[in-house]
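Contents: one structure, followed by commentary.
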Amino acid sequence: MLKASALVAATALVLAACAQSPTGRNQIMLFNDAELSKMGAQTFEQLKAETPISKDRNTIQYVQCITGALINVTPAEYARQNWEVVVFDSEQVNAFALPGGKIGIYTGLLKVAENQSQLAAVVGHEIAHVMAGHSNERLSTNQFVQTALTLSSTAMKAYQVQYQNELMTAFGLGAQIGVTLPFSRAHETEADIMGLDLMAKAGFEPRQAVNLWQNMAAAGSGGTLEILSTHPLPQNRITSLREKMPNAMRTYNERKAATALPQCRL
């Protein structure tokens, strides 16, 4: 009875935490913004302590020019945040954005993102992860999966199920392939779509997003780049970006006709 009650309570909690992403996809959100911002700030401080930070003024100004233009076209709740942007002096080809307004760019990425629009494609994608609450959703999904696994383990012990360890291993693998990894692919696709829209609104050339991922594919041909390790294959995302390109180009052309475009140069 206790186990059944716990399962009902867990299910009720998930139902109460249901939300929708900006693209209309159903989500589970168990954490509040304050909790996530605190976790984001702690993670960011740890990264700053462990990774050398670039002191090159030109590089910092270039990155801040691009991130500033993108942040300015986000919804008001994000645009008015006090964002902290740090350029990490590392050959790693990567970038990230954390809840609470933290953005990290690795100098290795600047060797693959050849111009302002290509870098804007990456940064817009990362900001989109924050706007869509993907960190919250990922943490919430993982917590729910772990709760389900714990409850299942308790139930099997109670009923003395044979080969319990083997079954739990299979359940864990099934949970990861069936729930966790598909969510990750959904997050990346959603961030691509939202990031493309952000860069177009900010006045960065959307077609450069395709060029960026072509560069990524070429740079990763000798091995897996850090940024590619948890992302869809470049060709798959290029196909998806091209499908969304007509809308993005309309947005970009409207911006181009209305006002000056960003002029961020390294």
* Looking at ALA186, is it modelled with pLDDT of 75 or more, loosely packed, with under 14 Cβ neighbours inside 10 Å and assigned to a helix (DSSP H, G or I)? -> no
* How many residues does region 189-206 hold that are touching a Pro at 6+ places or on another chain (Cβ under 8 Å) and outside any helix (DSSP H, G or I)? -> 2
* Structure fact -> Within region 50-76, restricting to residues that are polar (S, T, N, Q) and in contact with a Ser or Thr (Cβ under 9 Å, 6 or more places away or on another chain), the one that is surrounded by the most Cβ atoms within 10 Å (Cβ to Cβ) is SER54
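Kindly indicate which of THR67, THR74, THR59 is at pLDDT 95 or above, under 28 Å from LEU139 (Cβ atoms) and assigned to a helix (DSSP H, G or I).
Going through THR67, THR74, THR59 in turn, just one is at pLDDT 95 or above, under 28 Å from LEU139 (Cβ atoms) and assigned to a helix (DSSP H, G or I): THR67.
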* How many of the residues making up region 57-79 are free of Cβ contacts under 8 Å to residues at least 40 places away in the same chain and more than 20 Å from the chain's Cα centre (by Cα)? -> 3
* Asked: Is at least one residue of region 73-92 among the polar types (S, T, N, Q) and under 21 Å from ALA248 (Cα atoms)?
  -> yes
* Asked: Which ones in region 77-90 are open to solvent by 80 Å² or more (accessible area, probe 1.4 Å) and assigned to a helix (DSSP H, G or I)?
  -> GLU77
* Residues in region 40-49: is at least one open to solvent by 80 Å² or more (accessible area, probe 1.4 Å), modelled with pLDDT of 70 or more, out of contact with any Pro (no Cβ under 7 Å at 6 or more places or on another chain) and not polar (S, T, N, Q)? -> yes
* To do: Mind counting the residues in region 94-127 that are open to solvent by 20 Å² or more (accessible area, probe 1.4 Å) and among the hydrophobic types (A, V, I, L, M, F, W, C)?
  => 3
* Cβ-Cβ below 8 Å, separation at least six or inter-chain, first residue in region 84-104 and at negative phi, second among the acidic types (Asp, Glu) and at pLDDT below 90: which pairs? -> GLN92/GLU226; VAL93/GLU226; ASN94/GLU226; PRO99/ASP33
* Asked: Can you spot a residue in region 91-98 that is assigned to a helix (DSSP H, G or I) and under 25 Å from GLY203 (Cβ atoms)?
  -> no
* With respect to GLU126, determine if the residue is closer than 13 Å to LEU70 by Cα, out of contact with any Asp or Glu (no Cβ under 9 Å at 6 or more places or on another chain) and at pLDDT below 95. => yes
* **Qualifying residues in region 193-220 (those that are in contact with a Lys or Arg (Cβ under 7 Å, 6 or more places away or on another chain) and open to solvent by 40 Å² or more (accessible area, probe 1.4 Å)) - the one modelled with the lowest pLDDT** => ILE193
* Being of a type in the set (A, V, I, L, M), farther than 16 Å from GLY101 by Cβ and assigned to a helix (DSSP H, G or I) is the filter here, so list the residues in region 31-56 that pass it. => ALA49
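The values are calculated or read from the model by the stated rules, or taken from the named source; none is laboratory data. What you are looking at is a predicted structure, and each value in this text was computed from that prediction instead of being measured. Don't worry about glycine lacking a Cβ; one is built from the backbone with ideal geometry, like all the others, and counts go over all protein chains shown. These accessible areas exclude ligands, DNA and RNA; they are computed on the full protein's heavy atoms, side chains included. Shrake-Rupley method; radii C 1.70, N 1.55, O 1.52, S 1.80 Å.
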